[in-house]
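The values are calculated or read from the model by the stated rules, or taken from the named source; none is laboratory data. Please read these numbers as outputs of a predicted model, since none were measured by experiment. Glycine also receives a Cβ, built like all others from the backbone with ideal geometry; neighbour counts cover every protein chain displayed. With ligands, DNA and RNA removed, areas are computed over all heavy atoms of the protein, side chains included. Shrake-Rupley method; radii C 1.70, N 1.55, O 1.52, S 1.80 Å.
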Amino acid sequence: MPEFSKSDVKFLEEESLYQGFFSMKKYRYQHRRYQGDWSPVVEREIFDRGNAVGVLLYDKLKDCFVLVEQCRPGALVGEKSPWLLEIVAGMVEEGESASDVAYREVQEEAGCQLIDLFPMPGYWVSPGGTTEYVDLFLGLVDSDNVAEFAGLETEHEDIKVLVVKRSELLNLLQSGRINNAMALIAIQWFLINETNLNL
């Protein structure tokens, strides 16, 4: 367990710097230090992204996975293609639980229904600069029932849905074709823990 808790932070001020599709805020705070005293006042600009949900889709009868591919603006600055292979994912909207988002996004992005849903460990995306937390799930599906293309036009989504055999998935991992954190974390966790899941 961590030595400190939330009670060991003095949150002094939150200032809104920008409000658009996402928002930027400035935090002013102090925290307890390992030497026993309090830190000086710390100021940090924080990207307030909101929380997200990711769902790794798996067809256990056919031993294959369902991935989605779409163009990502954050990857436009890279040298490789900005069309990334990902797991189904979406942002948590007001009043939704993480599992609500999982069921909604699987329908919107893969065009299919979940048979069952299992939680996997969540994670902070980049807590030095953003508030975003991701809840991960393993979703069981029938890969015969996924769409070929999916996504919401109102969100400018143009998604290709791919059914990937286990051997192909391992090749995609090893070649670096799967190169985004959410997919890497979910797939690797599943492969490491699969024998203990009792699916």
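The lysines whose alpha-carbon is closer than 21 Å to the alpha-carbon of K160, local same-chain residues fewer than 8 away aside, are K62, K80.
With a Förster radius of 22 Å applied to the beta-carbon distance between F22 and R104, the computed FRET efficiency rounds to 0.65.
Set the Cα radius of gyration of the stretch 106-199 against 2.2 N^0.38 Å, with N its number of residues, and you get 1.19. Each residue was assigned an accessible area with a 1.4 Å probe, and for M91 the value is about 60 Å². Relative to the Cα centre, the charge distribution of the chain, modelled as +1 at Lys and Arg Cβ and -1 at Asp and Glu Cβ, gives a dipole magnitude of about 820 debye. Using protein chains only and a probe of 1.4 angstrom, how many square angstrom of W83 are accessible, to the nearest 10? Here the residue's solvent-accessible area equals roughly 120 Å². Pairing the Cα long axis of helix 181-193 with the longest principal axis of the chain, what angle in degrees results, from 0 to 90 and rounded to the nearest 10? Between helix and principal axis, roughly 70 degrees.
Selection among L173, H31, W83 by position relative to the dipole of the chain gives H31 as farthest towards the positive end (Cβ unit charges, Cα centre).
E108 contributes an accessible area of around 40 Å² to the protein surface, as traced by a 1.4 Å probe with all chains present.
Remark: the K62-L117 segment gains 18.1 nm on full extension, using 0.36 nm per residue and subtracting the alpha carbon distance. Along the stretch 20-30 the Karplus relation, 6.51 cos²θ - 1.76 cosθ + 1.60 evaluated at θ = phi - 60°, assigns HN-Hα couplings of x, 4, 10, 9, 10, 10, 10, 9, 10, 7, 10 Hz to successive residues, with x for each Gly and Pro. The order of the peptides 6-16, 25-35 by mean Cβ neighbours within 10 Å, most packed first, is 25-35, 6-16. Here the calculated FRET efficiency for R166 and H31, from their Cβ-Cβ distance with R0 = 45 Å, stands at 0.50, rounded to the nearest 0.05.
Rounded to two decimals, what is Rg over Rh for the chain when you use alpha-carbon atoms and the Kirkwood radius? A ratio of 1.03.
Using a simple spin-label model with pseudo-atoms 7 Å out from Cα toward Cβ, K10 and N198 lie 4.9 nm apart.
DSSP beta bridges fully contained in the chain are about 85 percent antiparallel. For K60, the aspartates and glutamates whose Cα comes closer than 16 Å to its Cα, not counting residues fewer than 8 places off in the same chain, are D116, D142, D144, E168, E194.
Compared with the dominant principal axis of the Cα atoms in the chain, helix 98-110 is inclined by about 40°. Within a straight-line Cα-Cα reach of under 29 Å, K10 can be paired with the following lysines, leaving aside sequence neighbours fewer than 8 residues apart in one chain: K25, K26. Taking the C-alpha atoms only, the angle from helix 166-175 to the longest principal axis of the chain is near 50 degrees.
Think of it as helices only: each DSSP H run of n ≥ 4 in the chain is worth -39500 (n - 2.57), and spread over all residues that comes to -5500 deg cm²/dmol at 222 nm.
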